[in-house]
Amino acid sequence: MLHIVACIKQVPDTKIIKMNPKTNTMDRASAPAILNPYDAHAVEEAVRLKQRYGGVVSVVTMGPPPAVKAIRKCIEIGADAGYLVTDRAFAGADTLATSYAITKAIEKIAEEHPVDLVICGKMTIDGDTGQVGPGVARRLDIPPLTNVKKVVEVNKEQGYAIVHRKLEDGHEVVQSTLPCLFSVEKEINEVPYSPLPNMLRAARYNPVVWSVNDLGDIDRTLLGLKGSPTIVAKVWPPEKPKGGEMLEGTATEQVERLMDILREKQGLFRVKEGQS
Ligand SMILES: Cc1cc2nc3c(=O)[nH]c(=O)nc-3n(C[C@H](O)[C@H](O)[C@H](O)COP(=O)(O)OP(=O)(O)OC[C@H]3O[C@@H](n4cnc5c(N)ncnc54)[C@H](O)[C@@H]3O)c2cc1C
């Protein structure tokens, strides 16, 4: 029986979110919180592996109390158990501190039921770093398999997994020992509508909630803002591209105008070349 732990995060829906024009930061209150879309695929893949090989799927998240909603979404998809790690001590965590807290939670989950596989999304849609999965793998001292787009086999008895890793120009087939960690691409599967019994179970489901005191032997200097060496020096929205010029007149006039523009640009380029 496989025990798969999927790491999930609740994120603001970045398709809707507004930016605060004064601070250039996200106005998180302006958008509903959703399960990170990549993590929905991670949970779906975990559930498919459970159906294929037999086993149990646990999901874990570090976040504020409302993240319970994201855990319930995972129960809808077919996860068996959810763990919410929440405490003021985790506030202000960067990816390093986040991966430490999640690792401690996975180690605690594994005390009750050893973990064969950890599955993460490729990245989140708000942080976008893709660092937490490999960070957790490093701390657990297990191989990280990133950009996984297909799971060929997970063989617990013989202790290996085979996956396809997406590359720019195709894919590579990789075999790893178990336990290991996958970070999955969206194309790995399609998340179907949840069956009614799952939805009913999810609506009533309350996850296990752990504070920092529940995580046992933990170095508090590695948590939250204290454990976060990342400094966000500046955040700004990308410059909007300027609108192009519409060429008007007859075809000849348009070609002449285009030639003028190109000559002008070439001239600018020559001046720049001369300067350097
Ligand atoms: C200095 C600093 C301070 C910050 N302070 C805050 C803050 O106060 N509040 C805040 O919300 N964010 C804060 N952040 C953002 C925070 O670092 C990221 O949200 C977090 O570390 C995850 O990184 P990411 O979103 O890039 O995840 P990625 O690395 O892109 O995520 C990859 C995968 O890792 C897993 N994962 C990621 N995050 C979690 C999680 N929390 N629980 C379980 N699994 C997860 C998921 O499977 C996800 O698909 C801060 C960042 C910095 C640099």
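The values are calculated or read from the model by the stated rules, or taken from the named source; none is laboratory data. Everything numeric in this text was worked out from a predicted model, so none of it was measured. Ideal geometry is used to build each Cβ from the backbone, glycine not excepted, and the neighbour counts take in all protein chains shown.
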Give the residues of the stretch 85-105 that are in a loop (DSSP other than H, G, I, E, B), touching a strand residue (DSSP E or B) at 6+ places or on another chain (Cβ under 9 Å) and within 8 Å of the ligand (Cβ to nearest atom), sorted by residue number. A93
So which strands (runs of 3 or more DSSP E) stay within the stretch 124-233 end to end and still have 1 or more residues that are surrounded by 12 or more Cβ atoms within 10 Å (Cβ to Cβ) and in contact (Cβ under 8 Å) with a residue 60 or more places away in the chain? 144-155, 180-184, 208-210
Please list, ordered by first then second residue, the pairs with beta carbon atoms under 9 Å, 6 or more apart or interchain, first in the stretch 90-105 and among the small types (G, A, S), second part of a helix (DSSP H, G or I) and near the ligand (Cβ under 6 Å from one of its atoms). S99/V132; S99/G133
Conditions (1) part of a helix (DSSP H, G or I); (2) under 23 Å from I231 (Cβ atoms) -> I75 fails only (2)
Counting just the residues of the stretch 15-62 that are away from the ligand (no atom under 13 Å from the Cβ), farther than 24 Å from P238 by Cβ and β-branched (V, I, T), which one comes out farthest from the chain's Cα centre (by Cα)? V56
Check the stretch 111-121 and report whether any residue there is out of contact with any helix residue (DSSP H, G or I) (no Cβ under 7 Å at 6 or more places or on another chain), within 12 Å of the ligand (Cβ to nearest atom), in the same structural domain as Y53 (by TED's automatic domain parsing) and farther than 30 Å from P237 by Cα. no
So L2 clears everything in (1) in contact (Cβ under 8 Å) with a residue 40 or more places away in the chain; (2) surrounded by fewer than 16 Cβ atoms within 10 Å (Cβ to Cβ); (3) not charged (D, E, K, R) except one condition, right? Which one? (2)
